[in-house]
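See structure below.
Every number in this text was worked out from the coordinates using simple rules, so none of it is lab data. The structure displayed is predicted, hence computed values, not measured ones.
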Amino acid sequence: MRGFVVAALALALAGPLQAAEPPSAATRAAQAKVRAELPFEDRQDFEFASRGFVATRTDPVIRRADGGMAWDLSAYDFARNEAPDTVNPSLWRQARLLAIHGLFKVSERVWQVRGFDAANITFIAGDSGWIVIDPLTAVETARAALELANAQLGARPVVAVIYTHSHVDHFGGARGVIDPARLAAGQVRIIAPHGFLEEAVSENVIAGPAMGRRADYQFGRALTPGAEGQMSVGIGPAIPRGTTSLVPPTETVTRTGETLNVDGVAIEFQMTPNTEAPAEMNLYFPAWKLLCMAENANPTMHNVLTPRGALVRDSKAWADGLTESI
């Protein structure tokens, strides 16, 4: 991950970008056409995004150990206003939805923290502690999410962490939720799909420097969030400027239909290799009729070929995985 951090710092220190030109008449006409054609009065997605809200942080800024800012929950407050002519109205609407942040109740014993990172983190109340699914990109944002869950729902130890797939925004914050002493004592299970560690190292270490530089452009890391700057990364607000980590799995899931009892919770797994990630899996909770689709299904037009240069996704395998889930 060193190359990723160095490239990000180089861009951050490069100085202010040139001021954006005002939108042309053609741009304004194109934005107006989108506004006229799409049902922006439909608020169902906003109701979905707000459903189950419990609370959020009182301090919007999450800091690193060196005092620098890892994340600012208020950075996208500007999106609460109406879309200006500089931004496609649909993109503005997506950023507005992604800016809704905090702790949300999904169902009995299941909560999520959203808007603290590019990804979401899920907390499941097991019999003795938290089962955490996908501990975000950064140690700092993951730790802040756990602190929020403990403050609102009662403190619990983390007894298991599940990585749904091998992308850094779903494992990089692991050390923010895992107690090192409990891990050393064998009291924390780390569960991942077959091939996870190989693919995580391949993408983030071996190809890390090159992909990190490309990711800076893909995710607009040198841009300030705003109407003339960065407008979210589509599936989440942004990539945090925090510390990444990797805690290797203690257990590997190898086949579809495999079932594990994790702190009293039965989980059935579906293997979906070479779909959204080279190593990925979906999770089903039969007792609650809940399905976690990892990043195989989300309300965006997802990448098949990413600008940062990740392995090309196999569209057929991806579609077959979704069909099998159904």
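Couple of notes before you dig in:
- Residues whose placed amide H lies under 5 Å from that of Ala55, excluding near-sequence neighbours: Leu103
- Note that segment 24-37 has calculated 3J(HN,Hα) couplings of 6, 4, 5, 5, 4, 5, 5, 5, 5, 4, 5, 4, 6, 8 Hz, one per residue in order, obtained from phi through the Karplus relation 6.51 cos²θ - 1.76 cosθ + 1.60 (θ = phi - 60°); glycine and proline are x.
- Rg [Å, one decimal], Dmax [Å, integer] - segment 205-265, C-alpha atoms: 17.9, 49
- Evaluated over the Cα positions of the chain, the convex hull gives a direction-averaged projected area, one quarter of its surface, of 17.1 nm².
- Cα-based equivalent ellipsoid, segment 19-131: semi-axes from gyration tensor eigenvalues, Å: 33, 20, 9
- Nearest-ten-degree value, helix 139-153 long axis tilted from longest Cα axis of the chain: 70 degrees
- The distance linking segment 78-153 with segment 163-210 is 20 Å (Cα centroid to Cα centroid, whole angstrom).
- For segment 270-323, the extents of the C-alpha atoms along the principal axes are 39, 20, 17 Å, listed from largest to smallest.
- Here is the P(r) of segment 81-167: all C-alpha pair distances, binned every 5 Å from 0, give 3, 14, 23, 21, 14, 9, 7, 5, 3, 1, 0 in whole percents.
- Segment 138-217: mean projected area of Cα convex hull, nm²: 6.3 nm²
- Treating each Cα of segment 168-289 as one equal point scatterer and applying the Debye formula with no solvent, the log10 of I(q)/I(0) at q = 0.21 Å⁻¹ comes out as -1.29.
- Coupling constants for segment 107-113 follow from the phi torsions by the Karplus curve (6.51 cos²θ - 1.76 cosθ + 1.60, θ = phi - 60°), and in residue order they are 6, 4, 6, 10, 9, 10, 10 Hz; glycine and proline get x.
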